[in-house]
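Every number in this text was worked out from the coordinates using simple rules, so none of it is lab data. Source: prediction; values computed, not measured. Note: ideal-geometry Cβ built from the backbone for every residue, glycine included; neighbour counts use all protein chains shown.
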Amino acid sequence: MTKQRNPIAQPAPHSWAIESWPAFVYPHSPGKGRYLVRCNRTALVQAGALSRVGRDLVVLGAPFSRWLESQSNRVAGFEIAPNRPEVAA
């Protein structure tokens, strides 16, 4: 039997309130989850990943996972100092 090279990701739960953000789902804490939702509210609603139940905002697991995967195309153009080529003096 061959060993898998990539670990299998743990599936997101069906749904969760922002105040009880699961530790194994990105961004791993309620505080960071509130920030993620606040900054991406429109995109999350359009993706069907955010719902309101009474006064609570609820994240829906499967659409959130798909939305998170859709953000992977933003990585290629992301440039930080360690990735820049050194300039010879």
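Remark on residue 58: its backbone amide H falls under 5 Å from those of 51, 52, 53, a criterion applied only to residues 5 or more positions apart or on other chains, H modelled at 1.01 Å from N.
With N as its number of residues, segment 15-70 has a Cα radius of gyration that, divided by 2.2 N^0.38 Å, comes to 0.98. Cβ crowding within 10 Å ranks 41, 55 as 55, 41, fewest other Cβ atoms first.
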